[in-house]
Amino acid sequence: MENNEQFNWIIVTDLDGTLLDHHTYSFEPAVETLNKLKKHNMPVVINSSKTASEIEELRLTLNNPHPFIVENGSGIMIPNQYFTQQPDGSERFGAYWEVILGKPRMQIIDSLKKLPSEFKQYYRSYHQSTVDDIMRITGLSREQTECSMDRRYTEPLQWLGDSSQRKEFFWHLHKQHIHFTEGGRFIHLMGHTNKGSATSWLSKHYEEEYKKKVKVVALGDGNNDIDMLKSADVAVVVRSPVNKLPQFDHRCKIVTEKTGPEGWAEAIEKLFFEHTEVKI
């Protein structure tokens, strides 16, 4: 990988199926590589469909002090004092500066309630579900599930109908300016934003802080990562044990041989620590 003093690198990564194993949620195979990135002062920015509550717990385990992007690009959480100045457009939220790029969750739930009644049988959303329901679907612990349900800007749902019903369902939502993206287990209803928009917003603020160009390596495994991957200078597609590779064009795209955190570590090692020549 090119090492140029005229710019800094940041790593932006999805979690489930990428840095975390799809089945076990473990990141153990990537620990050694994460430690190397810390030694080289390379920020690892989490960019996930997960909530702030979920990511906060994981950041403690990872000892990750950097900003993070939540709920598919709908919000950015920047630790207080991380940047020398409060980022434009942010508001104080506990220990963070919060940047809201999406819609408040209750607006999305209200939009669902305005749909024709026939659609209610075709989906089940987080708002309609109990903690036990979500635990059965995800395999998460009760505490993890409660964090997953602590949403601020998105509403995940399981689709139960057919493709034609689905098309009409999203047509009605689109008229209310509700968009969606597909994750591994759920469809996420949200405002007009995505992981790529949030990545671009944050990288610009890193540039303002560093007073130099920032280049981004993004890693993801699913279709909801495509916007993030396309926005990056280097796009790393981490193979999934369950999903097809996301399809998109990029001038510097890498597809890993291994899956999950093993694939994540494989790509970062080749890019930064094995002196592999990657032209961007």
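The values are calculated or read from the model by the stated rules, or taken from the named source; none is laboratory data. All figures in this text were calculated on a predicted structure; none of them were measured in a lab. Positions of Cβ are backbone-derived with ideal geometry, glycine not excepted, and every protein chain shown enters the neighbour counts.
Computed quantities for the displayed model
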read-out	value
Test: residue in segment 190-212 that is of a type outside the set (Gly, Ala, Ser), over 12 Å from the mean Cα position of the chain (by Cα), part of a strand (DSSP E or B) and under 18 Å from Tyr153 (Cβ atoms)	yes
Residue check, His40 in the same structural domain as Leu202 (by TED's automatic domain parsing), surrounded by fewer than 23 Cβ atoms within 10 Å (Cβ to Cβ) and in contact with a strand residue (DSSP E or B) (Cβ under 8 Å, 6 or more places away or on another chain)	no
In segment 201-222, the residues that are in contact with a Ser or Thr (Cβ under 8 Å, 6 or more places away or on another chain) and either of a type in the set (A, V, I, L, M) or closer than 15 Å to Asp14 by Cα (or both)	Val214, Val216, Ala218, Leu219, Gly220, Asp221, Gly222
Unmet criterion (only one of (1) in contact with a strand residue (DSSP E or B) (Cβ under 7 Å, 6 or more places away or on another chain); (2) in a loop (DSSP other than H, G, I, E, B); (3) within 24 Å of Tyr126 (Cα to Cα)) for Asn243	(1)
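Here's the yes/no breakdown for (1) closer than 22 Å to Leu20 by Cβ; (2) of a type in the set (Lys, Arg); (3) surrounded by fewer than 16 Cβ atoms within 10 Å (Cβ to Cβ); (4) without any contact (Cβ under 8 Å) to a residue 24 or more places away in the chain:
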{"position": "Trp97", "(1), (2), (3), (4)": "no, no, no, yes"}
{"position": "Arg105", "(1), (2), (3), (4)": "no, yes, no, no"}
{"position": "Ser117", "(1), (2), (3), (4)": "no, no, yes, yes"}
{"position": "Lys120", "(1), (2), (3), (4)": "no, yes, yes, yes"}
{"position": "Ser141", "(1), (2), (3), (4)": "yes, no, yes, yes"}
{"position": "Lys167", "(1), (2), (3), (4)": "no, yes, yes, yes"}
{"position": "Leu173", "(1), (2), (3), (4)": "no, no, no, no"}
{"position": "Leu189", "(1), (2), (3), (4)": "no, no, no, no"}
{"position": "Gly196", "(1), (2), (3), (4)": "yes, no, no, no"}
